[in-house]
Each structure stands twice: as C-alpha cells, then as structure tokens.
Ligand SMILES: *Cc1c(COP(=O)(O)O)cnc(C)c1O
C-alpha cells in the first residue's frame, strides 16, 4: 500500500486505525500454496487468533483456506463467517473437557495435546476421530515466550509418550486420524523445521488410520530490511519431496496441512496513529502518540520490532526518536529510532501490524479499541467501527452498596 493511501484512510476513518491490505494476504496465501503445489492434498488452515475480524476470515475462506482455532468462540466466529465445520481444526491447550466435547459435537476436527484428555475423550467418544499434537522437543523460535516445541513446553504430547498414546488407542478403540506439531513462532532455519518433520513422520508410521499430517506454522516474516524470513519456496521443495516419499512408505495418500497466522497477515497490516506530543528531554526526543500498548502490545509484551514511518513527512530529515504511547506506565513502541522529522499532528505508520495486534488489544485505561479497515483494489472498507462509550459500559452493572 502507498503511504498516501494510508494517510487518506486515516483522515477518513480517524486515528488510531488498523488497515489491512487484502492483496498482501492473497499473495502470501498463493505463495504458500504454490510452494507446495506438487502436494495433491494441501490444506491451509489460517490460525485465526492472529487476526480474527470476520471480513478477514471471509477473504481467506474465498481463497480456499480453512481455520485453525484455539477456543470455541473462534470456532463459532468461523461458523458464523460461513466455514463448514469440516474446514475447521480445533487446537486448544488447557481448555475444559466440556469445551472440547462441545466443539466435537459441532463436527469440527479435534486436536488433543494431553494424555489424560485423550484417554477421557477416547473412552467417552470412541467413534470421533481425533488428531494428536506431539511435542518433538525441537528448539525453534527467537523468543522464549513464543517457542513451544522445547522440553518444558506446556504444548503437545511428548514423543517419548507415544507408547502410552498407542495403549490408550488400543484400549479405547478410538481413531487417530492426524498427527500435528507446531514448533513455535519464528522458525529461522528450515533445517530445524525439516528435522522436526522427520520426527513427525517417525511418529506417524505408528498409526494406521491417518488422513492428514499437520506441520503447524511458525514461519518467520521480515520485520525490517535485512531480516531473515522463512524461505517458503525452499521449504516447499524439500518438504514436498519428503512428504511424497513418506506417502509411498505409508501406503496411502495423506493431506499435508499447515496453519499459518503471522505468515498470512502480518505484513498486510498497518497501524496508524497520530502524534500528540513531541517532548524533548535531556537525553532523547519522545514522540507520544494517541495510542498505547492497549492497542498494540507486542513491543512491550515480547519486544517485537515494528518499523515506524512518518507518513506525514516522508521526505523529512531523519532524526532519532523514542516512540511512546499514552498508557500510564512504561509504554514504549520503539527506542532511539531514526524517523523522518516528526511534528505534532503527524501520522506514524507501524508496519507488520496484521498479526497479534488488534486481536491482542484491550480496554486498558478505558480507551476505545480502534477501527479496522480492509483495503481492496484501491478502496477502503470499514470492517470494524471504532468503539464508543457504550462499549466501555457494556456488561458493567452499577450498584450502590
Ligand atoms: C498460534 C498458532 C499458530 C500460528 O502461529 P504463527 O506464528 O502466527 O504462524 C499455528 N498453530 C497453533 C496451534 C498456534 O497456536
């Protein structure tokens, strides 16, 4: 998207504002499916926790995507959007047994990542086929909060517990129809991914009724110039080769599934905010915007980098700024960043604001959540209204005691 389009949208819809470029989402989706075009049955299940606006879901549905969900509410949003239950996989962690049962009743594929839940579910519902999420104990990911395949992870059933899984399957007569792994976000190295894939293949051999193998996600996207990103094309070549060989060995065609979140939507998103104050202190110049970690928590939460451009003054001389929010505690988006000279009233544009940005926003400091706009073929469509005072009062009950 062009900065001038983003500026016009901010004028039209106000700030702060999230804008998503449909074309980028489509390109990323096509890139992934093209990289695996030699796989006969490929399934892309968009991990909707990254960005769950129903218009984004609709767009991905149109492209042929399914959904990866982590709560029954996400499942319901998916069904509301028009996804078939069979297009949805439920990959929860630590949710109640009743929630898993309810989702299974809707006809959605269940993915279980806990032995006791597996045993309980298999005993009660032996006719419902389930997928198991394994933990291959592979370290992947740049941040300990978001790497989920290592030994102390709460996710998945350890591969060392597969004999126990097999015993449960035998005892209950349940069917395992899929094996899943998700080794965490930010996979830098496709060799690590392929190594984990070998562990998944090894595990898969021990189950006779598989229909799909799900390799999760964690593809890394670039946040700034020079960043390494997962080479999807190379991964496509290498994993396809191994997958096709495994299918032969297994003796039956299988579906290859992925569930990317970030890869599909991160780069499509832009967060626009207005500069309220420029404040010179003894050591730095602060640019304070009309937003905070209530709207974009990733920098404060796990130190993620979002490139920031001053789209009101793109040709201005670059200076160093610390960009901060208005939340009444430390609320820093970026330290000592080179940005084109900022004046009060300028609009700053945060890149990579598609994934885990709006979906993690809150009402902290009693602020309204921003509006969201979908940009398609030169036109901006409002896909979520900015909140108003009623939204803050909703569900609150005033009692005088
Ligand atoms: C969050 C999540 C994903 C998506 O991860 P990205 O890094 O956004 O691609 C995929 N699968 C599961 C099970 C997840 O929890």
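The values are calculated or read from the model by the stated rules, or taken from the named source; none is laboratory data. Remember, predicted model here, so these are calculated numbers, not experimental data. Heads up, the Cβs are rebuilt from the backbone with ideal geometry, glycines too, and the neighbour counts pull from every protein chain shown.
Of the residues making up the stretch 63-71, one or more are in contact with a strand residue (DSSP E or B) (Cβ under 6 Å, 6 or more places away or on another chain), assigned to a loop (DSSP other than H, G, I, E, B), within 16 Å of the ligand (Cβ to nearest atom) and farther than 22 Å from residue 159 by Cα.
For residues that are part of a helix (DSSP H, G or I) and more than 16 Å from the ligand (Cβ to nearest atom), scanning just the stretch 89-117, find the one that is farthest from residue 65 (Cα to Cα). Quick ask: steps written out before the conclusion?
First, pick out the residues of the stretch 89-117 that are part of a helix (DSSP H, G or I): 97-105, 115-117.
Going one step further and asking which of them are more than 16 Å from the ligand (Cβ to nearest atom), we end up with 97-98, 101-102, 104-105, 115-116.
On the way: 97: 27, 98: 27, 101: 24, 102: 23, 104: 20, 105: 22, 115: 30, 116: 31 Å.
Only one residue tops the list, namely 116.
Among the residues of the stretch 193-209, those identified as over 10 Å from residue 136 (Cβ atoms), assigned to a helix (DSSP H, G or I) and over 24 Å from the mean Cα position of the chain (by Cα) are 201, 204. Residue selection: residue 102 fails the criterion of being closer than 27 Å to residue 247 by Cα and out of contact with any strand residue (DSSP E or B) (no Cβ under 8 Å at 6 or more places or on another chain). Scanning the stretch 356-382 for residues that are touching a strand residue (DSSP E or B) at 6+ places or on another chain (Cβ under 7 Å) and either within 19 Å of residue 309 (Cβ to Cβ) or surrounded by fewer than 18 Cβ atoms within 10 Å (Cβ to Cβ) (or both) gives 357, 370, 373, 375, 380, 381, 382. In the condition set (1) within 15 Å of the ligand (Cβ to nearest atom); (2) out of contact with any strand residue (DSSP E or B) (no Cβ under 7 Å at 6 or more places or on another chain); (3) part of a helix (DSSP H, G or I), residue 56 is compliant with all but (2).
Considering only the stretch 303-310, I want to know if a residue exists there that is over 22 Å from the mean Cα position of the chain (by Cα), within 20 Å of residue 4 (Cβ to Cβ) and surrounded by fewer than 21 Cβ atoms within 10 Å (Cβ to Cβ). Break it down stepwise before answering.
Within the stretch 303-310, the first condition is being over 22 Å from the mean Cα position of the chain (by Cα), and the residues that meet it are 309-310.
Then keep just the ones that are within 20 Å of residue 4 (Cβ to Cβ); that gives 309-310.
After this cut, where a residue has to be surrounded by fewer than 21 Cβ atoms within 10 Å (Cβ to Cβ) as well, the list is 309.
Yes, that holds for at least one residue.
For residue 209, the conditions (1) surrounded by fewer than 22 Cβ atoms within 10 Å (Cβ to Cβ); (2) within 16 Å of the ligand (Cβ to nearest atom); (3) touching a residue at least 60 places away in the same chain (Cβ under 8 Å) all hold with the exception of (2). Has the stretch 230-253 got at least one residue that is within 16 Å of the ligand (Cβ to nearest atom), assigned by TED's automatic domain parsing to the domain that holds residue 135 and within 16 Å of the chain's Cα centre (by Cα)? Within the stretch 230-253, one or more residues are within 16 Å of the ligand (Cβ to nearest atom), assigned by TED's automatic domain parsing to the domain that holds residue 135 and within 16 Å of the chain's Cα centre (by Cα).
Each residue in the stretch 255-280 was checked for being part of a strand (DSSP E or B) and either more than 16 Å from the ligand (Cβ to nearest atom) or over 13 Å from residue 352 (Cβ atoms) (or both), and 15 of them qualify.
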